[in-house]
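Let me begin by presenting the structure, written as structure tokens, before commenting on it.
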Amino acid sequence: MGIFAIVGGSYLLNIKAYREGYLAPLKALLSQTGPKYMLCVAGIWGLTANFDKIGVLNSTPTLWGIALYGAIAIGILPIMLVKARHKLQQIPQYFWALLPAGIFNGSTILLQMQALNLALVAQVVSVKRTSVLITVLLGALVFKEVGLRERAAGAILMISGVILIAQ
């Protein structure tokens, strides 16, 4: 039931494409760049959460989070230096805007690792996926995206599916 709710919610997210046929909303998920990337990200996170659980169980949640994301940061540093060299001067300019984002992201990682230490991977990932509703609301409020009603209904249905799976 949970999987059907998630698929139904995904369908509702693109319900405006329904005019082009019954399968158009699902095709839109695969033809639009953003949804394609998000499906890939969800798949990757579904796998890596299990590695995080192994890492947390074999060390401590804080050590694992710091070591993992520290290694990722070091790994992408050369790419950033090559690809974004001309934009590095913007960091001091936007430091105070970036600082809260960094603090919140770091806190999210540490709390997620603590949760993995206490609960099943599927439950932790399910709770984390509830961020889809916040994303839909911020999209409407900050970026003035249209279709809040359909997107919110889809997000709520997807969260319901996540809750059913976590039970």
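A short reminder: the numbers here are calculations on the coordinates, not readings from a lab. Predicted, not measured: the structure shown is a model, and the values here were computed from it. Ideal geometry is used to build each Cβ from the backbone, glycine not excepted, and the neighbour counts take in all protein chains shown.
A few notes on this one:
- The angle separating the long axis of helix 61-83 from the principal Cα axis of greatest extent in the chain is about 90 degrees.
- Ordering Thr62, Val7, Ala140 by the projection of their Cα atoms onto the charge dipole of the chain, which places +1 on the Cβ of Lys and Arg and -1 on the Cβ of Asp and Glu, puts Ala140 at the extreme positive end.
- Stretching the chain fully between Tyr94 and Val142 yields a gain of 15.4 nm (0.36 nm per residue, less the alpha carbon separation).
- For the set Lys83/Lys128; Lys53/Lys144; Lys36/Lys144; Lys27/Lys83; Lys27/Lys87; Lys53/Lys87, the pairs lying more than 29 angstrom apart at their alpha carbons are Lys83/Lys128; Lys53/Lys144; Lys27/Lys83; Lys27/Lys87; Lys53/Lys87.
- Peptides ranked, highest mean first, by Cβ atoms within 10 Å: ranges 78-87, 155-164, 100-109: 155-164, 100-109, 78-87
- Region 2-166, relative contact order in percent, only Cα pairs under 8 angstrom and at least six apart counted: 45
- Three-way shape label, the chain, alpha-carbon gyration tensor, a/c 1.5: oblate
- Cut-off 12 Å between beta-carbons: net charge of the residues surrounding Ile156, Lys and Arg +1, Asp and Glu -1: +1
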